[in-house]
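Below you'll find the structure, written out as structure tokens, and then a few comments.
The values are calculated or read from the model by the stated rules, or taken from the named source; none is laboratory data. It should be emphasised that the depicted structure is a prediction, and the values quoted were computed from it without experimental measurement. Glycine also receives a Cβ, built like all others from the backbone with ideal geometry; neighbour counts cover every protein chain displayed.
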């Protein structure tokens with residue numbers, strides 16, 4: 001049918017459609033424009049392409065189909081039972097020439113065995129359970145099943161035999177490159193093993209594991225150099241470390257934890273005693289005079305106290321300060337110890353030198369400190385999320401450091417260490433997220449709370465390709481998995497009038513009650529910023545993950561029949 005003919009009929013057709021569907025079109029010009037855009041898209045599709053949409057209206061064979069991008073097409077259906085308003089349909093372009101566009105429904109509502117077998121036979125592909133599953137997966141995702149498409153898919157499935165062909169079909173539908181990294185990340189997202197916060201914890205833990213492995217398994221000098229280099233990448237500004245970043249309140253165990261040396265514990269006990277004595281009387285040596293702050297000034301002549309004795313006192317004070325530094329800042333202590341040992345001739349390195357580094361790295365205090373510092377660099381406090389550019393800056397920093405780390409691991413020929421695997425997984429996660437963002441508006445936000453680290457997931461429902469056509473309303477989903485509240489989904493709709501409609505969806509009723517009782521705190525803060533909030537509280541017994549919701553929004557759709565029809569625009 002001629003593409004221009006719709007505009008001679010659209011008013012009558014739309015009126016009929018909306019009367020029968022019970023809906024009212026308030027802006028016919030806007031709808032007409034939407035149909036024009038939809039038909040522009042349709043007319044650009046070559047034969048064999050597929051498209052999906054939702055039935056917006058139907059009357060006497062005339063169909064209004066809303067495409068996944070928000071645009072619409074009008075079509076004439078023939079020989080087909082009446083679809084339901086809101087039903088999803090998928091079609092393949094059979095012909096497109098000289099303004100005549102012919103579509104036919106995909107095969108989901110036909111006899112599955114017959115349709116699949118015919119498609120395989122036409123492509124010259126053996127008909128067996130494995131190839132049937134491949135074709136079925138393609139059809140379920142709304143992909144074309146012509147000869148070339150089937151041959152390409154079978155080839156791709158054979159290249160990645162350990163992955164589900166269904167996953168390959170989904171990646172193809174989303175226009176995400178099909179390779180081992182993307183397929184592995186897709187599995188992680190499906191299995192909810194994709195959170196950034198877990199990956200950051202893995203980086204800290206595998207640093208210790210890999211460092212100990214290198215110290216035990218290769219040239220000690222090279223191992224020390226690599227540990228120092230990696231520590232510099234993970235924590236580039238050690239001089240700015242503060243005690244709240246280090247290890248919480250458990251400072252006294254920072255060096256001895258994980259060590260089998262019983263003298264270490266005695267050393268810490270001596271340190272505590274020494275600190276108490278130093279608090280009561282701070283001793284300062286100045287020439288032959290020693291002053292005691294709290295008991296007045298007392299002068300001791302050189303006859304009363306010999307120089308060697310004073311030297312011993314000075315060394316003891318220095319040792320005590322060194323121990324105190326190690327208790328409060330195990331990261332800096334390790335860094336200084338590495339510098340000291342790397343200045344030695346490699347031939348002079350002793351077993352006890354290597355053991356001192358090993359004991360530091362595997363101590364509970366160091367592991368806590370490293371996790372805390374990594375969290376500080378690569379996570380945001382909740383109050384910082386609202387700062388403009390904070391999330392982008394976080395990912396810029398994370399990308400830069402992880403790239404430097406992976407490059408270093410590759411150049412040092414250590415790609416199989418646990419640290420390399422953890423860094424590779426985190427890098428792959430970020431790459432997969434970037435690919436998702438070609439279609440979706442989605443980001444993970446690693447969050448640092450006072451007593452736990454979590455990953456928030458933010459998904460804006462508006463498809464990226466139709467952002468320019470939106471009506472000023474933004475709809476988004478924020479997901480958190482909290483230790484006490486359980487899974488928390490917050491669905492937010494914001495319009496141009498600054499009206500905010502929020503739905504809190506939780507699995508636990510008591511958690512819902514807790515949020516409802518304190519919602520005025522949030523209402524008050526939003527009101528001060530000029531927003532009007534309306535909140536609902538919904539029990540969500542079977543919450544879907546954000547990733548599942550995203551796929552549902554852009555999913556291939558079932559078909560009613562195999563009748564063909566002409567699309568009009």
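Every condition in (1) surrounded by fewer than 19 Cβ atoms within 10 Å (Cβ to Cβ); (2) at pLDDT below 50; (3) in contact with a helix residue (DSSP H, G or I) (Cβ under 8 Å, 6 or more places away or on another chain) is met by residue 244 except one, and the failing one is (3).
Give the residues of segment 213-224 that are part of a helix (DSSP H, G or I) and at pLDDT below 90, sorted by residue number. Don't jump to the end; show me each part of the working.
Within segment 213-224, the first condition is being part of a helix (DSSP H, G or I), and the residues that meet it are 213-217, 220-224.
Matches in segment 213-224: 213, 214, 215, 216, 217, 220, 221, 222, 223.
Kindly indicate whether any position in segment 496-510 is touching a strand residue (DSSP E or B) at 6+ places or on another chain (Cβ under 9 Å), at pLDDT 85 or above, farther than 29 Å from residue 173 by Cβ and part of a helix (DSSP H, G or I). Yes, some residue in segment 496-510 is touching a strand residue (DSSP E or B) at 6+ places or on another chain (Cβ under 9 Å), at pLDDT 85 or above, farther than 29 Å from residue 173 by Cβ and part of a helix (DSSP H, G or I). Keeping to segment 378-403, report how many residues are assigned to a helix (DSSP H, G or I), touching a residue at least 12 places away in the same chain (Cβ under 8 Å) and surrounded by fewer than 17 Cβ atoms within 10 Å (Cβ to Cβ). Result for segment 378-403: 4. Among the residues that make up segment 63-78, is at least one of them in a helix (DSSP H, G or I), at negative phi and at pLDDT 70 or above? No - not one qualifying residue is present in segment 63-78.
Results for (1) in a helix (DSSP H, G or I); (2) touching a residue at least 24 places away in the same chain (Cβ under 8 Å), shown as yes or no for each residue.
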residue: 119; (1), (2): yes, yes
residue: 133; (1), (2): yes, yes
residue: 136; (1), (2): yes, yes
residue: 143; (1), (2): no, yes
residue: 151; (1), (2): yes, yes
residue: 154; (1), (2): yes, yes
residue: 157; (1), (2): yes, no
residue: 161; (1), (2): no, no
residue: 166; (1), (2): yes, yes
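When the residues of segment 86-95 are narrowed to those that are modelled with pLDDT of 70 or more and surrounded by fewer than 19 Cβ atoms within 10 Å (Cβ to Cβ), which ends up farthest from residue 53 (Cα to Cα)? Going through the qualifying residues, I end up with 95.
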